[in-house]
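Beneath this line is the structure, given in structure tokens, with notes to follow.
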Amino acid sequence: MNADTKQLILNLYLDQSTQFIVMLLTITTTYSPATDLGYLLHKHPERLQTFDLAFGQVHVFYPEANTEKCTAALLLDVDSVGLVRRYRGQIRENFALAEYVNDRPYVASSFMSVAIARVFNSALSGKSKERPELAETPIPLSAKLSTLPCRGGEKFLRRLFEPLGYSVEAKRYALDPQYPDWGESRYFTVTLDKICCLSELLTHLYVLIPVLDDEKHYWVDQAEIEKLLKHGSDWLSEHPEQESIVNRYLKYQRRLTRQALSQLRETDVEDVEEQMQEEAQIEERLGLHEIRLTKAIEVIKQSGAKRVLDLGCGEGKLLRKLMAEKQFEEIVGVDVSHQSLKIAQQRLHFDRLPDKQKERIKFLQGSLCYRDSRLEGYDAAAVIEVIEHLDAPRLWAFESVLFESACPQTVVLTTPNVEYNVKFENLPVGQFRHKDHRFEWTRTEFQSWASDVSKRFGYAVMFYPIGPTDEVVGSPTQMAVFTCESEDKSGLKIPSTREFGEN
Ligand code: SAH
């Protein structure tokens, strides 16, 4: 690269503050030493590198690189004439001239995703030869996209990134700054901040930039489903905008979107069904599930609750028990799996229930890792054998959804006690009770998590063993009952240990 080009690129970068439109992504970290970002991206902070891609060139450089702060920039230089020749007819515009006067060279679009995958390939897949541990460590990251077209506006932009835990800052461009009456354009400068692994940030950008732009520069086919599932299966199946993301990503091709959505959900369902059977087989002899549910009902009843949530209700066993108790006037089953909810409805013969009973129960599909106003204002929530299915790094999101946003008066939560696993003869040593468990905690681990949560969110917590208790390893299931300490609007009360009875 000659000195002129280098100067040109730096000028383009510096011009961001003006209306000069530039197709630029910067990634900044304040992790110390910040220059380790160079190892994660496999690009040396002191070098300016250029890569040739089918649609133009990509330049990578570091406008700032010191131990406190390091910024890597990815600048796309799209060959607009070559582009028109190559992709004639694939860019959706209404008039022929638009092919030559389109925004493609200047905005972050699917070209940006192609560039990320090509230039930051190892970082995207979470690999780093020199810093393998850092690649898997959440670090403070800030991504800035200088010109991001957002079809659906700022609201949609936020609906895509905020559920993933980003704080989002967006500045919209005027259509023409000299003529403010012309209104606003669909272009934004967007900053996304999050403490996460670099691969997570790159993956979200890779999928969501073209989703926002809603205009792919190439034809989508079966291979796109694979790309989407490869980069999205970890987080898409729980994202509240899952359908719009898949629709837009696959360019509204109904056959492809239907297939992708069902593949996303199937993985989910297969997992759930398989895991429930596995767990049931292991715990069967103890009749543990029944004991757990009976205890949960007992606690919720004694709390005086009338309106109850069953979070992660699965196939509805607790819902059935709740329905049998007249005390409960409103019962809501929530699960991320559409299929489980369908099975729960069938098992409760929901369609055939008399109207009065039907009015008592509701089913909501949703993830417990995303804030959901539908969960607010209930007296009690049961979270039975669910937290161990959540990724440990997402637990903070669950904590805030349940204890800060939904904030029920009473929470009854159970999870396996891993110490007890040695007593299950058919469970190989060191293995969890089933495949989908992301963790299983000892009593100390569970109690320290629950105590910390209760302190942070203003709850009191009590612990109860569930199932036959062994002197050394304790009981197979552990239960925590949280009671909100803030002003008790409902006047409900929590049972004392004696009332509840110990095992
Ligand atoms: N509570 C039920 C089911 C436990 S299995 C019972 O005791 O029988 C765990 C359940 O949690 C599954 O139905 C699964 O779909 C659900 N689940 C897993 N992750 C979830 C999430 N993020 N949000 C909501 N539900 C989730």
For a quick check of your reading of the model, give me the residue pairs whose first member lies in segment 422-436 and is in contact (Cβ under 8 Å) with a residue 60 or more places away in the chain, whose second is among the aromatic types (Phe, Trp, Tyr) and assigned to a loop (DSSP other than H, G, I, E, B), with beta-carbon atoms closer than 9 Å and at least 6 apart or on different chains. 433/424
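I'd like the full set of residues that are closer than 13 Å to residue 62 by Cβ and in contact (Cβ under 8 Å) with a residue 60 or more places away in the chain, limited to segment 26-36. Steps first, answer last, please.
Restricting attention to segment 26-36, the residues satisfying the condition of being closer than 13 Å to residue 62 by Cβ are 26-29, 34-36.
Within segment 26-36, 26, 27, 28, 29, 36 meet the criteria.
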I want to confirm something. Restricting to segment 358-393 and keeping residues that are in contact with a Phe, Trp or Tyr (Cβ under 9 Å, 6 or more places away or on another chain) and in a helix (DSSP H, G or I), which single residue is surrounded by the fewest Cβ atoms within 10 Å (Cβ to Cβ)? 392
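Give 357, 346 a once-over and let me know the one that is in the same structural domain as residue 408 (by TED's automatic domain parsing) and within 15 Å of the ligand (Cβ to nearest atom).
Details: 357 fails: within 15 Å of the ligand (Cβ to nearest atom).
One residue alone meets the criteria, 346.
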Any hit, segment 318-330, residues being part of a helix (DSSP H, G or I), out of contact with any Cys (no Cβ under 7 Å at 6 or more places or on another chain) and under 23 Å from residue 395 (Cβ atoms): yes
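Could you tell me whether residue 169 is more than 25 Å from residue 43 (Cβ to Cβ), more than 16 Å from the ligand (Cβ to nearest atom) and at pLDDT 80 or above? Please lay out each step first, then the result.
Working: more than 25 Å from residue 43 (Cβ to Cβ): yes; more than 16 Å from the ligand (Cβ to nearest atom): yes; at pLDDT 80 or above: yes.
Against the criterion (more than 25 Å from residue 43 (Cβ to Cβ), more than 16 Å from the ligand (Cβ to nearest atom) and at pLDDT 80 or above), residue 169 qualifies.
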Would you check which residues across segment 373-390 are without any contact (Cβ under 8 Å) to a residue 60 or more places away in the chain and within 12 Å of the ligand (Cβ to nearest atom) and list them? 387, 388, 390
Out of the residues in segment 394-443 that are within 13 Å of the ligand (Cβ to nearest atom) and in a strand (DSSP E or B), state the one that is surrounded by the most Cβ atoms within 10 Å (Cβ to Cβ). 412
Suppose the filter is surrounded by 16 or more Cβ atoms within 10 Å (Cβ to Cβ), basic (Lys, Arg) and in contact with a Ser or Thr (Cβ under 8 Å, 6 or more places away or on another chain); does residue 69 pass it? yes
Based on this model, can you work out whether residue 339 counts as touching a residue at least 24 places away in the same chain (Cβ under 8 Å) and either near the ligand (Cβ under 9 Å from one of its atoms) or out of contact with any Pro (no Cβ under 8 Å at 6 or more places or on another chain) (or both)? yes
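The values are calculated or read from the model by the stated rules, or taken from the named source; none is laboratory data. Values in this document were obtained by computation on a predicted structure and should not be read as measured data. Every residue, glycine among them, receives a Cβ derived from its backbone with ideal geometry; neighbour counts consider all protein chains shown.
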